[in-house]
Amino acid sequence: MHSTDSERLNTKARAIKEALSRVGEPISEAQAKNIAAQEDCECKDGMFALAATRRQIFAGSGLVAAVGMTVMLPRAAGAKAPAGAVEYPVEDDSTKEQGRMMGVDGGYGSRSQFESEVRWTNPTKSAGFSPLQNSYGTITPSGLHYERHHGGIPNIDPARHSLVIHGMVDRPIKYSLADLKRFPTLSRTYFLECSGTTGSEIMKAREPTVQRTHGLVSTSEWTGVPLSTLLKQTGLKPGAAWVLAEGADAAVMTRSVPIDKCMSDALIVFAQNGEAMRPEQGYPMRLFLPGWEGNISIKWLRRLEISDKPYYTREETSKYTDLITTTGKSRIFTFTMDAKSVITFPSGEMKLPGAGFYEITGLAWSGRGKIARVEVSTDGGKSWNLASLQDPVLAISQTRFRFPWIWDGTSAVIQSRATDETGYSQPTHQQLIAERGPLETGSLFYHMNAVQSWSIAADGNVKNAHPLG
């Protein structure tokens, strides 16, 4: 490293340290001692003074009698707690009252009543967008993982459901969920993204928040059986080249999948984030094709038919194709999701309280492999700086990036740009339009992975910006 680079880094580090020193509310030692005195309690003379004694327990009075009516019980159904939470009374001083008993929530658990992020659902109720602006790390909670449905969410009894593999095979076989679980399984952390994500943003800024622009992507740990294991059991006949995957939903979703993908990293999954997969994600089983558009990872999977050619289904002809408006033609079978990134903080409809230090953070991902680097611009793309990547950096998984920034209080435009391990870099809107032509009206611009811009006004308000106006 050159001495000038070292000096520049040291100067930036000193500036960040000085900016961070102004964060928080300074208090004196006397104030700190006064706060501690106010929080002191008599129970320090005999720790756990409120715990039930053995005599109380065996006498039948138990913990409730020991602490009286202060035991924290959930409010009846219909309380104002947000989705996924249970509303409990809030103690005036949690150090002087016994907390609630285990199991009062039924044994499954719930999140804090003070956390309220949920999926945003589009007007047609066909897609639920993950709240990326509230995300931490890279794993998306199962309850916040994005949804996309074409015929609603079927309620399937796993004991009555099966997967049939037939067509160009030596031994057609039907597998129950119990059968699948007898095979050796594996767990992998992968992102899943709808190919229509940000598709409406190609020509102008349409959605106000990162949840609305990029919320159709999520990352989970998926557990299941390699599809290659099952296909080897059935035995592929010479010439087998494609597989028709069919779901058990009302849309009877069907997509053609190349046999090479099926024999490489494709999975039949039944678990997500350590528990049974949720109905909206395809319970009791789904096809999972790492790095490919979400639509082809058929949910509620019930049938795989092997053939020597693709099936040209509705969802790969009239839909999920890339329109080239300069020629009037469409590209078909563009499966892979290319490198993409987005800043989640600060992002649309947030407001920075004032000038000073902020950590710009966001997510980057690529269906081609690992993220190699992420660059951040704070001047609308005029200059770029490397962001740090948070471990672990996994292939075909979202990677968290971070960039320290001291905002001077003037208007700014922030952007991120991802490059994956193949050398592919995230394009601009202009580059995508030059390649595929403009799309003023009509269907979505699928596989839209252009650089996202957020403008920050002098008053701290953050809005979705667009280089084309």
Gain in span if fully extended, VAL104 to SER28, counting 0.36 nm per residue against the direct Cα distance: 23.2 nm
Computed label-point distance, nm, for sites ALA251 and GLN233 using a 7 Å Cα→Cβ extension: 2.9
Which whole-Hz couplings ³J(HN,Hα) result when phi for each residue of the stretch 101-115 is put into the Karplus expression 6.51 cos²θ - 1.76 cosθ + 1.60, θ = phi - 60°, listed in order with x for Gly and Pro? 7, 5, x, 5, 8, x, x, 8, x, 8, 8, 4, 5, 9, 10
Pairwise FRET efficiency - ASP379 versus ASN461, Cβ, R0 = 25 Å, nearest 0.05: 0.85
Residues whose placed amide H lies under 5 Å from that of GLN113, excluding near-sequence neighbours: VAL86
Leaving ligands, DNA and RNA out of it, report the carbon-plus-sulfur percent of the accessible area of the stretch 267-364 at a 1.4 Å probe. 51
Output the peptides 382-392, 346-356, 6-16 sorted from most to least packed, where packing is the average of other Cβ atoms within 10 Å over each peptide's residues. 346-356, 382-392, 6-16
Under 24 Å between alpha carbons, and skipping anything fewer than 8 positions from LYS463 in its own chain: which lysines qualify? LYS204, LYS340, LYS351, LYS382
Using 0.36 nm times the number of residues separating GLU87 and ARG14, minus their current alpha carbon distance, what extension gain do you get? 21.8 nm
Tabulate in residue order the Karplus-calculated ³J(HN,Hα) for the stretch 329-344, using 6.51 cos²θ - 1.76 cosθ + 1.60 with θ = phi - 60°, rounded to whole Hz; enter x for Gly and Pro. 10, 10, 8, 10, 6, 8, 6, 6, 8, 6, 4, 7, 7, 7, 7, 9
With only helices counted (DSSP H, runs n ≥ 4, each -39500 (n - 2.57)), the per-residue ellipticity at 222 nm for the chain, to the nearest 500, works out to -4000 deg cm²/dmol
If I compute Rg and Dmax of the Cα atoms in Å from the structure I just sent, which labelled value in (i) 21.8, 74; (ii) 26.7, 85; (iii) 27.7, 97 lines up? (ii)
Determine the dipole magnitude for the stretch 301-444: charges of +1 sit on the beta-carbon of Lys and Arg, -1 on that of Asp and Glu, nothing else is charged, the reference point is the Cα centre, and the result goes in debye to the nearest 20. 320
At R0 = 60 Å the Cβ-Cβ FRET efficiency linking THR124 and THR95, nearest 0.05, sits at 0.75
Please give the length that would be gained between ARG160 and MET263 if that part of the chain were fully extended, namely 0.36 nm times their separation in residues minus their C-alpha to C-alpha distance (nm, one decimal). 34.3 nm
Assuming R0 = 30 Å, can you tell me the calculated FRET efficiency for the pair VAL413 and SER6, based on Cβ-Cβ distance, to the nearest 0.05? 0.55
Nonlocal amide H pairs with ARG148, under 5 Å, H built at 1.01 Å: GLY128
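The values are calculated or read from the model by the stated rules, or taken from the named source; none is laboratory data. What you see is a predicted model; the values in this text were computed from it and never measured. All Cβ positions, even for glycine, are placed from backbone atoms using ideal geometry, and neighbour counts span all protein chains on display. Surface areas here come from the heavy atoms of the whole protein model, side chains and all, with no ligands, DNA or RNA. Shrake-Rupley method; radii C 1.70, N 1.55, O 1.52, S 1.80 Å.
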